[in-house]
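Trainee: Have a look at this one before I ask anything.
The values are calculated or read from the model by the stated rules, or taken from the named source; none is laboratory data. Owing to the predicted nature of the structure, the values given are computational and were not obtained by experimental measurement. Positions of Cβ are generated from backbone atoms using ideal geometry, with glycine treated the same way; all protein chains shown enter the neighbour counts. Quick note on the areas: whole protein, heavy atoms, side chains included, nothing else; ligands and nucleic acids left out. Shrake-Rupley method; radii C 1.70, N 1.55, O 1.52, S 1.80 Å.
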Amino acid sequence: MNFYTVTASFLGTAVEFVEALTIFLAVGFTKGWKTAIYGAVTAIVILALLVGLLGYPLVKLVPFHTIQLVIGLALLLFGVRWLRKAIARYAGLKEMHDEEKAYLEEVEKQKTHVEKGKSIDIFGFTTVFNGVFLEGLEAAFIVLTFGVAANSMPSAVAGALIAIALVCLLGFLLKKPLSMIPENMLKFAIGIMLTCFGVIWVGEAIGIEWWQGDLSILVVLTVLLIVSLFQIKYFSLCATVKGRDQ
Amino acid sequence: MKKAFLVIWGLLIDDLRLALGTILSVIACYLLNLKYDLGEYGGWLLLSLIILSVFWSLSAESRKYKKRNKIERGTPGVHS
């Protein structure tokens, strides 16, 4: 088992499934659990088919260096996107994501759209399907890339399964959105991890040598954390000054 | 097809400036490493360029925030 891969896969999947669970619960409570479960199961089956049909054969057929470059670049793009969003939210440049608010908005949306005489509500089904499919696609992307790049698919899958089980269990016990999970903090942490692995793998793929091999991971993580904290401070100061100037 | 493209775009490229900065950093590092054999410095150069790309994108976000604030607070007629 690779600890880094399990942690990164766990965090990435947990964030995505918290969002999917919010939609699932909102539809379940307003349109019935049958609709919500059908929507979620259909999305999961299609996702599993897509990953199984496209993901694994790709890994077996394409040379390792090419995969490392493509996956590293994708991870890097994904990581910097999350990191940027988390920094912007902490600095006050963007509004914080609120699961409770998102849940109430979704409930309102579902209530205004009433379909009578059907056991499965098409609007509710489509909402859950879209939510679970898109969030699941992001999670599958993280699991696949981490698993392939670290050459430890079981670790990546284990991290993802633990995250799904934990999020579902918490959702089932609380029966409300997991708003107490600090989503932005998770996004910040996973953003740093994805960026770090992306930089390392892209670097290796283009022929760059890393100081002390795997020990560089810790150094890159620390550098990224310190610089990101500095950026949060700097941009929150900018936002305050600009707010005061207006 | 268009929807699939939009999904991939949304997954990977949220901000064009950030994506461009990241890809150009990788290309620049690759070319410099090819010509000068940067050795262990190559990694730190790549990391620095990526950090600069994030900073560049956040600066633009900060300017957008300023502009948004200005419109919301200053333009007559917006809230009237």
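Trainee: Normalised by the residues of segment B:16-72, what does the relative contact order come to in percent, with Cα pairs under 8 Å and at least six apart?
Mentor: 45 percent
Trainee: Provide a whole-number value for the mean count of partner chain Cβ atoms within 10 Å of the Cβ atoms in peptide A:226-235.
Mentor: 3
Trainee: Let me ask something else. Say R0 is 30 Å: what FRET efficiency, to the nearest 0.05, do B:Arg63 and A:Leu229 get from their beta-carbon distance?
Mentor: 0.85
Trainee: What average count of beta carbons from other chains do you get within 10 Å of the Cβ of residues in A:137-146?
Mentor: The per-residue average across the peptide is 1.
Trainee: Also, I was wondering about something else. Rounded, prolate or oblate for segment B:16-72? Axes are the square roots of the Cα gyration tensor eigenvalues, ordered a ≥ b ≥ c, and the cut-off for rounded is a/c under 1.5.
Mentor: Prolate is the answer for segment B:16-72, as a/c is 1.5 or above and a/b outweighs b/c.
Trainee: Right, something else. With the cut-off at 23 Å, tell me which of the pairs A:Lys233/B:Lys67; A:Lys187/B:Lys67; A:Lys34/A:Lys85 have Cα atoms farther apart than that.
Mentor: Too far apart for the 23 Å limit: A:Lys187/B:Lys67; A:Lys34/A:Lys85.
Trainee: Now, a different point. Grab the Cα-Cα distance for A:Val45 and A:Thr66, subtract it from 0.36 nm times how many residues apart they are, and report the gain in nm with one decimal.
Mentor: Roughly 4.7 nm would be gained on extension.
Trainee: Given the peptides B:17-29, A:41-53, arrange them by the average over their residues of other C-beta atoms within 10 Å, most packed first.
Mentor: Packing order, densest peptide first, comes out as B:17-29, A:41-53.
Trainee: Also, I was wondering about something else. Keeping the other protein chains in place, figure out the carbon and sulfur percent of the accessible area of segment B:16-72, with a 1.4 Å probe.
Mentor: 67 percent
Trainee: Rank by packing, highest mean first: peptides A:26-33, A:75-82, with packing defined as the count of other Cβ atoms within 10 Å averaged across residues.
Mentor: Averaged packing, sorted descending, gives the order A:75-82, A:26-33.
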